[in-house]
1. Give a quick list of trypsin sites (Lys or Arg not before Pro) in region 98-207 that DSSP marks as loop, anything other than H, G, I, E or B, with at most 12 other Cβ atoms within 10 Å.
2. So what is Rg over Rh here for region 10-50, counting just Cα atoms and using Kirkwood for Rh?
3. As a test of the definition: which semi-axes, in Å, follow for region 10-204 when you take the square root of five times each eigenvalue of its alpha carbon gyration tensor? Largest first, please.
4. Which stretch or stretches of region 24-61 have amide N atoms under 16 Å from the point lying 7 Å from S167's Cα along the Cα→Cβ direction?
Amino acid sequence: VLVASQGFDFFYFVQQWPGSYCDTEQSCCYPTTGKPAADFGIHGLWPNYNDGSYPSNCDPNSPFSPSEISDLQSSMQRSWPTLACPSSDGQQFWSHEWEKHGTCSESVLDQHAYFESALGLKQKVNLLQALTSSGITPGGSYSLTSIKDAITDAVGYTPWIECNKDSSGNSQLYQIYLCVDTSGSDLIKCPVFPHGACSSEIEFPSF
Ligand code: 5GP
Ligand code: 5GP
Ligand code: 5GP
């Protein structure tokens, strides 16, 4: 039987480590609401296709509307802080994420549901605790394998690790990708992984 298509196959739920955003050549700016916690923050919830490609900017008629998520404001500031310069309160980052990615899953999640889903996933998946309980703490250097194993053991699914480089050129833990079903609520085994290289040993810088 044919099942109606949502226009995408799954989501990547992507979290960023603030220490690795900030210690790069480009540096960072703290949000106007203050320095974020030393914890992973949400980057985005991105609709994706099983072949690795993805839709973007799907609905120019659905602009980001802060009033629709006013009840989520304080959770957003805590869990989805912006680190881009110049400093801002985060609305620009959330607006970008909604318009580029969120509009592509609008048939399943309206704006409020989209942001609420991402916040719910962050609650459900405590990456810092997963790493820390395996002895992987900020300020150290670890094998890519040990980081992946710690997360796989804790959440039940293999993540993808994206690395970037600090200002001295060292490879470091930047973003962690997990896959989520089209309802935006449950983790699934990733149908396809992103690309990009890490070293076999990577830094986990402090923040
Ligand atoms: P970069 O080129 O820095 O890896 O990614 C730039 C942006 O492109 C990301 O922040 C995200 O918006 C989008 N992007 C990159 N890779 C993927 C992907 O595999 N799936 C989706 N849905 N978006 C991606
Ligand atoms: P992407 O298209 O890569 O999903 O979104 C990245 C865009 O969001 C860039 O324009 C970037 O400047 C902006 N941005 C604002 N705050 C942040 C942040 O904290 N992390 C990242 N990765 N991008 C941010
Ligand atoms: P394998 O599939 O044998 O684990 O890995 C194949 C290649 O992909 C190896 O070069 C390995 O270092 C790389 N790789 C495996 N997992 C990840 C990951 O989560 N992130 C990145 N950037 N590379 C990975």
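1. K189
2. With Rh from the inverse mean 1/r over Cα pairs, Rg/Rh is 1.08.
3. Ellipsoid half-lengths, sorted descending, are 26, 20, 15 Å.
4. It comes to 24-30, nothing else.
Any read-out appearing in this document is the output of simple, stated calculations on the displayed coordinates, not a laboratory observation. Please read all numbers here as calculations on a predicted model, not as lab measurements. Counting neighbours? That spans all protein chains shown, and the Cβs are built from the backbone with ideal geometry, glycine included.
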